[in-house]
Amino acid sequence: MTFSEATGTAPLISLEAIQAASIRLKEVAYHTPLMHNLHLSELYGCNLLLKREDLQVVRSYKVRGAYNKMSSLPTEVLRCGVVCASAGNHAQGVAFACRLLEAPGKIYMPSTTPSQKIQKVKTFGKEFVEIVLTGDTFDAAYEIAMEDCTQNGKTFIHPFNDEQIMAGQGTVAVEILQDAKVPLDFLIVPIGGGGLLSGVGSYFKQLSPRTRIIGVQPAGAPSMAEAIRQGQLVTLAKIDRFVDGAAVKRSGDKTFRIVRQLLEDVLLVDEGKVCSTILKLYNEEAIVVEPAGAMSVTALDLLREEIKGKNVCCIVSGGNNDITRTEEIKERSLLSEGLKHYFIIRFPQRAGALREFLNNVLGPDDDITHFEYTKKNNRDAGPALVGIELKQREAYSGLVQRMDQYGIDYQNVNKDPMLFDFLV
């Protein structure tokens with residue numbers, strides 16, 4: 001593939017490359033269902049279809065690109081070994097491909113990767129893979145993995161910035177257009193480094209050009225959104241790693257040159273809203289998704305007016321969610337929905353002060369879920385960290401009004417990010 005520095009674009013992934021990938025993957029990857037969702041369709045007033053890549057063989061679409069890339073390598077190259085860097089899903093795809101192709105693989109993963117994903121990599125790769133946990137982000141793991149490739153003559157399997165990876169991910173679009181009974185007005189695609197969107201978007205642009213393609217990134221890691229806004233690749237100084245499957249500091253140069261032709265902009269979704277979507281999909285639809293897998297459905301709130309009466313497809317990109325993260329997901333959801341607030345409250349150091357607060361300030365449906373207080377001296381008042389959970393967002397104004405009315409000395413910790421991160 002050749003790139004035009006003048007226009008900053010690159011040829012789309014060809015139909016032939018994506019169709020060839022589809023043939024390679026026929027006996028390897030599942031043809032995942034395209035499912036109409038009645039509840040979400042009624043909620044948003046549209047015909048909503050979910051492309052269920054959470055039901056894929058490694059519970060994400062990543063196996064498509066990994067196997068397509070590796071199966072196209074010469075046998076002697078595979079025998080020398082492959083290396084990859086991944087936050088989890090790409091690692092699972094590479095591990096599964098290593099096992100099927102009997103190729104040795106070394107997989108570098110951030111030390112922050114959920115344990116569930118690490119165990120899955122071991123399960124899929126068996127004796128063919130070695131796992132190295134290093135760094136706090138994908139980018140840190142990537143740098144060390146590239147050093148390994150350079151020093152030992154191994155082949156690097158990039159998670160997104162490779163045409164054959166993109167072509168493999170594009171097979172998701174092949175299945176969508178095969179299974180869709182109606183023309184699609186909107187296709188909503190999550191973005192990390194841009195591999196999925198490059199492949200899927202290329203296929204749609206050529207075969208269903210009337211479909212409007214919407215990209216979605218986490219607000220705490222908007223690398224592609226910033227690149228499109230500035231018209232050039234950018235490296236983010238810091239990112240929120242919570243949506244680990246899509247949290248990269250820098251998008252790929254190849255993916256950027258393709259993605260910018262497919263989109264005018266990228267929607268950013270708040271990590272807390274993503275958590276709310278995860279919980280709703282589980283509680284109301286019995287669908288288990290990881291944070292990156294929930295982003296496309298989360299974006300529906302931002303598109304509510306535009307998608308009314310339209311045929312909409314959301315790609316649910318993965319379901320590798322670690323159960324140990326459940327409490328954090330609940331907490332982030334409550335904070336985002338305005339249902340949980342933390343305060344530093346200076347209680348008078350006398351008997352009955354807390355009882356007065358409970359009787360006079362706390363509403364009938366309010367619940368104290370966190371209370372941290374230690375009497376350190378003989379001063380008249382001492383601070384306590386108090387977490388209060390509400391049933392309705394609107395109850396917050398009444399809570400604050402009562403604290404003011406009864407002369408409570410307080411500070412809302414939610415409104416001070418640095419203090420919140422330190423205390424909570």
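Build a GNM of the chain with springs between Cα atoms under 10 Å apart, and of SER115, SER397, SER202 the one that fluctuates most is SER397.
Across all Cα atoms of the range 68-159, the radius of gyration (one decimal) and Dmax (whole number) stand at 11.8, 34 Å. For HIS158, HIS39, the sequence from fewest to most other C-beta atoms within 10 Å is HIS39, HIS158. Taking the chain as a Gaussian network of alpha-carbon nodes connected by springs under 10 Å, the highest mean-square fluctuation of the residues THR211, THR171, THR324 belongs to THR324. In sequence order, the range 326-338 has phi-based couplings of 4, 5, 5, 4, 4, 4, 4, 5, 4, 5, 5, 7, x Hz under the Karplus curve 6.51 cos²θ - 1.76 cosθ + 1.60, θ = phi - 60°, and Gly or Pro positions carry x. Mean sequence separation of contacting Cα pairs (under 8 Å, at least six apart), scaled by the length of the range 68-159, corresponds to a relative contact order of 37 percent.
Answer rounded, prolate or oblate for the chain, using the Cα gyration tensor with square roots of eigenvalues a ≥ b ≥ c: rounded when a/c is under 1.5, else prolate when a/b is larger than b/c, else oblate. In terms of gyration-tensor shape, prolate. Considering only LYS181, LYS117, LYS273, the mean-square fluctuation computed in a Gaussian network model of the chain, springs between alpha carbons under 10 angstrom, is largest for LYS181.
Remark: the range 254-265, residue by residue, has Karplus-estimated 3J(HN,Hα) of 5, 5, 4, 5, 8, 4, 5, 7, 8, 10, 8, 7 Hz, where x stands for each Gly or Pro and the curve is 6.51 cos²θ - 1.76 cosθ + 1.60 at θ = phi - 60°. Counting charges near LEU302 (Lys, Arg +1; Asp, Glu -1) among other residues having Cβ under 13 Å from its Cβ returns a value of -3. For the range 54-108, the relative contact order is 41 percent, taking Cα pairs closer than 8 Å that sit 6 or more residues apart in sequence and dividing their mean separation by the residue count. Cross-link check: pairs LYS69/LYS122; LYS126/LYS340; LYS254/LYS280 evaluated at a Cα-Cα cut-off of 32 Å; pairs beyond the cut-off: LYS126/LYS340; LYS254/LYS280. Cβ crowding within 10 Å ranks VAL28, VAL200 as VAL28, VAL200, fewest other Cβ atoms first. Hydrodynamic analysis of the range 128-203 uses the Kirkwood radius over alpha carbon pairs. Inserted into Stokes-Einstein at 20 °C and 1.002 mPa s, it gives a translational diffusion coefficient of 146 µm²/s. Among LYS391, LYS51, sorting on how many other beta-carbon atoms sit within 10 Å of each Cβ, with the fewest leading, yields LYS391, LYS51. For ILE315, the residues whose amide H sits under 5 Å from its own are LYS51, ILE188, ignoring neighbours fewer than 5 places away on the same chain, with H placed 1.01 Å from N. Other residues whose C-beta falls under 13 angstrom from the C-beta of LEU207 contribute a net charge of 0, scoring Lys and Arg +1 and Asp and Glu -1. Give the aspartates and glutamates reachable from LYS120 as a straight Cα distance under 15 Å; neighbours fewer than 8 places away on the same chain don't count. Those aspartates and glutamates meeting the cut-off are ASP54, GLU130, GLU290, ASP322. For the range 418-424, the Karplus equation 6.51 cos²θ - 1.76 cosθ + 1.60, evaluated at θ = phi - 60°, returns couplings of 5, 5, 4, 4, 6, 9, 9 Hz by residue, with Gly and Pro reported as x.
Taken together, the values in this text are just the output of simple stated rules run on the coordinates, not laboratory data. Since the structure is predicted, the reported quantities are computational estimates derived from the model, not experimental observations. Heads up, the Cβs are rebuilt from the backbone with ideal geometry, glycines too, and the neighbour counts pull from every protein chain shown.
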